[in-house]
Amino acid sequence: MRQSVAPNRISQAASAAAVNRLLEKKKEYEAVAALERASALFVKRIEGLADDCEIMADAGQVHGEVLEQWPNMFRILDLFLANRQQYAAHEDISEISESAPGERLVRVPLDELQSDMTKSS
């Protein structure tokens, strides 16, 4: 008796269809994986932008606090100048420059501070 060839053809056609379906699913999986990688990269970029916005918000708050102090600084300077003028009216200028508070200048090494800040970052 001779075996039929039809079942082999059907199983070959079914395996070819299964291979094609497997290739399609593999392409879909690769596309989804690429989309996931792109989404993760996008999330990292957005988180970086959020961090930058928080830094700018903190800087704005500090800037506002500094600006808030300027009127007090001008008031203190006016008091100092008024006090200095009162002393000038009564005493010699050379004595005032030696004894008056606020006359000493201090040098702040900005270059060193900035280089230290960049090294620590």
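The values are calculated or read from the model by the stated rules, or taken from the named source; none is laboratory data. The structure presented is a predicted model; accordingly, all values stated were derived computationally and were not measured. Reconstructed Cβ throughout: ideal geometry from the backbone, glycine too, with neighbour counts over all protein chains shown. Note: areas computed on protein heavy atoms with side chains; ligands, DNA, RNA excluded. Shrake-Rupley method; radii C 1.70, N 1.55, O 1.52, S 1.80 Å.
Observations
- Any hit, region 87-95, residues being modelled with pLDDT of 85 or more, open to solvent by less than 80 Å² (accessible area, probe 1.4 Å) and of a type in the set (S, T, Y): no
- Residue match in region 47-54 (condition: at pLDDT below 95, in a helix (DSSP H, G or I), on the phi < 0 side of the Ramachandran plot and not hydrophobic (A, V, I, L, M, F, W, C)): no
- Screening the candidates G102, G60 for the property of being at pLDDT 90 or above and either assigned to a helix (DSSP H, G or I) or surrounded by 10 or more Cβ atoms within 10 Å (Cβ to Cβ) (or both) yields one hit, G60.
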